[in-house]
Amino acid sequence: EEKTLSQYLSVAYPNSKIEKNKDGITNTVKYEVQGNPLVSIIIPMRDKVEDTKKCIDSIFEKTSYHHFEIIIVDNGSIETETKEYLSKIVKLHDNICVINLDIPFNYSTINNVAIRQKSMGELVVLLNNDTSIITGDWLEGMISYAQLKHVGSVFHSACRCDIWKRWSSCASLLSGCV
């Protein structure tokens, strides 16, 4: 099986490789990121600054792919601590911007406004603010799959949804449809 898969991949996806999983039984196909595309990470939030802080910190601490921008969409925060954090984080990182959007919560509208107004990336990640990144190569994995011609969106479980205390697909990446 592995030989057949290797032969197929060498023709169909020459920049791919097969990696044996930790269980020693199954394999994962890894695709190489093509180029160095800018990725726009959009994070909607409203107050609960500790959640957002953990999310942002985990991106900078764990993410091995560095060509990204973060667009935080503040959906009507009123707490002083939140406003101070957002002001501070924009000054600390030149790849973070904040959009103030005080409208009734609508996840789709919030993300669409961020994409239209500020996103410069070839690819867009929609990331909940109550997540923490747990693997360094999460973004490369998403990018490499999103770059495949037959893929339009990618979901990744290399983040943790703290509020729900469960592992979940908390990040999604959109390609070719924004």
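From its DSSP helices (H runs of at least four residues, each -39,500 (n - 2.57)), the chain gives a residue-normalised ellipticity at 222 nm of -10000 deg cm²/dmol. Could you work out how far apart the two model spin labels at ASN15 and SER108 are, taking each label as a point 7 Å from the Cα in the direction of the beta carbon, and quote it in nm? Label-label distance for ASN15 and SER108, simple model: 3.4 nm. Its Cα centre serving as origin, segment 1-121 has a Cβ charge dipole (Lys and Arg +1, Asp and Glu -1) of approximately 260 debye. Each Cα pair under 8 Å and six or more residues apart adds its separation to the average, and for the chain the resulting relative contact order is 23 percent. With contacts taken as Cα pairs under 8 Å and at least 6 residues apart, segment 50-132 reaches a relative contact order of 44 percent. Once the chain from ASN95 to THR26 is taken as fully extended at 0.36 nm per residue, the excess over their C-alpha distance is 21.0 nm.
Electrostatic tally near LYS30: other residues with Cβ closer than 10 Å to its Cβ, Lys and Arg +1, Asp and Glu -1, net -3. Under 16 Å from the 7 Å Cα→Cβ point of LYS149, by amide nitrogen: which residues of segment 1-22? Counting only backbone N, you get 9-16. Taking all Cα pairs closer than 8 Å and separated by 6 or more residues, the relative contact order of segment 1-86 comes to 26 percent.
A Förster radius of 35 Å combined with the Cβ-Cβ distance from ASP137 to THR4 puts the calculated FRET efficiency at roughly 0.85. Taking the charge dipole of the chain about its Cα centre, with +1 at Lys and Arg Cβ atoms and -1 at Asp and Glu Cβ atoms, the residue from THR82, PRO14, ASN36 reaching farthest to the positive side is PRO14.
Every number in this text was worked out from the coordinates using simple rules, so none of it is lab data. Computed from a prediction, not measured in an experiment: that's the story for all the values here. Don't worry about glycine lacking a Cβ; one is built from the backbone with ideal geometry, like all the others, and counts go over all protein chains shown.
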